[in-house]
Amino acid sequence: MRISDLSRLSGTPVGTIKYYLREGLLPPGRQLGATLSLYGDEHLQRLRLIRALTARGGLSIAATRDVLTAMDEPLDPLATLGVVHYALPTPVDAAETDAVDEQAPRVDELLRVMGWDVSEDSPHRRALAASLMDLARIGADYRTEDLLPYAELAASAARLDLDRIKELDGAEDRFKLAEHAAVVVLLLEPVLAVLRRLAQENETRRRGIWARPDEPTAPHPGPDPDPDPDPADTP
């Protein structure tokens, strides 16, 4: 297909496709002339993945290139998962460094209690510390024992993720396998967040305390009227 067809099918402007080609995110097509190249289904698949990584996953062009390079190499899918992890944006304001560092011992303690093997260089250590700092500032100071049940749930989700990836480990298409590893990390994450919100709504409704602004609450039951009022009390 021509680049115009690739643009139409992928929903990506021609200028953006040319930018991805220049940046090495998209492999060149089969050149038929000085100004004519043909592209295949693999380019269409790659473009959709690039859009997912950048638009949905929030990865920079440089981080996306790292992830795609890992996919192109004959890596174990779990190794690809590690590349994706470290490519994820974990912004920490440089001005907040001291405040974030104050939460680092709490992160270390949580990892120790959970028995998790996490690199000292993991950017997610500081990301967790930054989130705990934000919570502490609004008075929601989560202690290690408060975080443990959430960490246990996260551990269960991680086991499901890796079991799913290992099920596909025998696949002949290594790019497909690496792509799935990236999807598990990046594109399944918002699904899990929405599932949690749905579960919270269900739980609050089950407990009878849910009310949206456009969904009036049931009137609070008052005392039952006296079925037989005393005539002396009637005006």
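Within the stretch 13-41, being in contact (Cβ under 8 Å) with a residue 24 or more places away in the chain and out of contact with any strand residue (DSSP E or B) (no Cβ under 6 Å at 6 or more places or on another chain) holds for I17, Y20, E23, G24, L25, L26, L36, Y39, G40.
Report yes if G29 is over 24 Å from the mean Cα position of the chain (by Cα), over 23 Å from E167 (Cβ atoms) and not aromatic (F, W, Y), otherwise no.
Criteria met by G29.
Being outside any loop (DSSP other than H, G, I, E, B) and either surrounded by fewer than 14 Cβ atoms within 10 Å (Cβ to Cβ) or modelled with pLDDT of 75 or more (or both) is a property that L177 lacks. Selection of the stretch 61-71 for residues being surrounded by fewer than 19 Cβ atoms within 10 Å (Cβ to Cβ) and either under 12 Å from V183 (Cβ atoms) or at pLDDT below 85 (or both) yields D66, T69. Might you check whether a residue that is farther than 27 Å from R48 by Cα, open to solvent by 60 Å² or more (accessible area, probe 1.4 Å), more than 19 Å from the chain's Cα centre (by Cα) and at pLDDT below 80 occurs anywhere in the stretch 97-118? Looking through the stretch 97-118, at least one residue is farther than 27 Å from R48 by Cα, open to solvent by 60 Å² or more (accessible area, probe 1.4 Å), more than 19 Å from the chain's Cα centre (by Cα) and at pLDDT below 80. Give the stretch 1-33 a look and list any residue that's among the aliphatic types (A, V, I, L, M) and under 23 Å from V67 (Cβ atoms), or say none. If the condition is that a residue be among the aliphatic types (A, V, I, L, M) and under 23 Å from V67 (Cβ atoms), then L6, L9, I17, L21, L25, L26 are the ones that fit. Taken over the stretch 131-168, the residue count meeting the criterion of being modelled with pLDDT under 80 and either touching a Leu at 6+ places or on another chain (Cβ under 6 Å) or exposed (fewer than 11 other Cβ atoms within 10 Å of the Cβ) (or both) is 2.
The values are calculated or read from the model by the stated rules, or taken from the named source; none is laboratory data. Model, not experiment: these values are computed from the prediction. Using ideal geometry, Cβ is built from the backbone for each residue, glycine included, and neighbour counts are taken over all protein chains shown. Accessible surface areas use protein heavy atoms only, side chains included; no ligands, DNA or RNA. Shrake-Rupley method; radii C 1.70, N 1.55, O 1.52, S 1.80 Å.
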